[in-house]
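Following this message is one structure expressed as structure tokens.
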């Protein structure tokens, strides 16, 4: 997990990234078939009967599905290469799903093939695969909506120096800091679907996709303590997550978790140095953050100065281009004559 090569800021290609995700899912299913063949003798007779519902569920889950391809084709017909190339928001979400397939599905299956224990986390894999497919479908639909009704956004947005987290997140963080446990319990979005990983915040009703991250055992706690309160006027109930180091926001839970993970391991892509407390086989969420990186603060100040300088130059240029002409009426000409 420490050598994840995908950079969220790097320009990707929507169509090609989806192709990579689909290919990884196919490879994962082939690995699952290898596991079946390798451990067929150690499995029970009933489990070896072909056409079992569980095997069908795994094969159906390890694919992008028809809806994703249908939305992709509709977008290509409506917007052409613009939809195929995509925008940065869609790239970030799809790149995160590609990492999820590689590290949360394919790698566990590959490890199980060569393991002496004939067990495999089938339910977790199906849940992750369905979550990936839902995230891809939502990302494509949102991109379609953005291209259908484009909104003008400022070139240089104001820098963010503070994040207003949800009161539930603040209370949960406080409880964990004081007693290392909390009595606050969210509810499942679809309690009758055991493969749905979405949970609802009891305060703001934000829908949080509890994406598992193999490098962060406390992933569920991290997501709930890092989500921003849902705007009551918002039509979308999907949660947004914010880093309390660089204040960057993420619409995708796994993209945020990997951002958090890079901070924990102190990688080159880490936005902030954090103290890591490790206990036996588990990682503990530490609240002892080091002060903001001076280079990050300096860059923010430079961005502010550059924005204000650009605004001042534009204002002066507009004033210099204004010309005042004196308009004389016919009566004034007659009086002069």
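The values are calculated or read from the model by the stated rules, or taken from the named source; none is laboratory data. Every value quoted in this text rests on a predicted model; they were computed, and no experiment measured them. Positions of Cβ are backbone-derived with ideal geometry, glycine not excepted, and every protein chain shown enters the neighbour counts.
Could you list all residues from segment 79-114 that are closer than 14 Å to residue 212 by Cβ and touching a strand residue (DSSP E or B) at 6+ places or on another chain (Cβ under 9 Å)?
Listed by number, the residues that qualify are 96, 100, 103, 104.
Quick grid of which residues meet (1) outside any loop (DSSP other than H, G, I, E, B); (2) within 23 Å of residue 258 (Cβ to Cβ); (3) not assigned by TED's automatic domain parsing to the domain that holds residue 128:
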{"residue": "175", "(1), (2), (3)": "yes, no, yes"}
{"residue": "185", "(1), (2), (3)": "no, no, yes"}
{"residue": "190", "(1), (2), (3)": "no, no, yes"}
{"residue": "193", "(1), (2), (3)": "no, no, yes"}
{"residue": "208", "(1), (2), (3)": "yes, yes, yes"}
{"residue": "221", "(1), (2), (3)": "yes, yes, yes"}
{"residue": "231", "(1), (2), (3)": "no, no, yes"}
{"residue": "234", "(1), (2), (3)": "no, no, yes"}
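Among the residues of segment 123-141, are any modelled with pLDDT under 85 and either in contact with a helix residue (DSSP H, G or I) (Cβ under 8 Å, 6 or more places away or on another chain) or more than 19 Å from residue 65 (Cα to Cα) (or both)? Step through it out loud before you land on a result.
Taking segment 123-141 first, the residues modelled with pLDDT under 85 are none.
There is no residue in segment 123-141 that is modelled with pLDDT under 85 and either in contact with a helix residue (DSSP H, G or I) (Cβ under 8 Å, 6 or more places away or on another chain) or more than 19 Å from residue 65 (Cα to Cα) (or both).
Take the conditions out of contact with any helix residue (DSSP H, G or I) (no Cβ under 7 Å at 6 or more places or on another chain), at pLDDT 90 or above and buried (at least 16 other Cβ atoms within 10 Å of the Cβ) and apply them to residue 22. Does it pass? It would help to see each step written out before you state the result.
Working: out of contact with any helix residue (DSSP H, G or I) (no Cβ under 7 Å at 6 or more places or on another chain): yes; at pLDDT 90 or above: yes; buried (at least 16 other Cβ atoms within 10 Å of the Cβ): yes.
Considered against the rule, which asks whether it is out of contact with any helix residue (DSSP H, G or I) (no Cβ under 7 Å at 6 or more places or on another chain), at pLDDT 90 or above and buried (at least 16 other Cβ atoms within 10 Å of the Cβ), residue 22 comes out as yes.
Can you give me the number of residues within segment 77-123 that are more than 23 Å from residue 29 (Cβ to Cβ) and in contact (Cβ under 8 Å) with a residue 40 or more places away in the chain?
Looking only at segment 77-123, we keep the residues that are more than 23 Å from residue 29 (Cβ to Cβ), and these are 77-92.
Okay, now just the ones that are also in contact (Cβ under 8 Å) with a residue 40 or more places away in the chain, so 78-79, 82-92.
Matching residues across segment 77-123 total 13.
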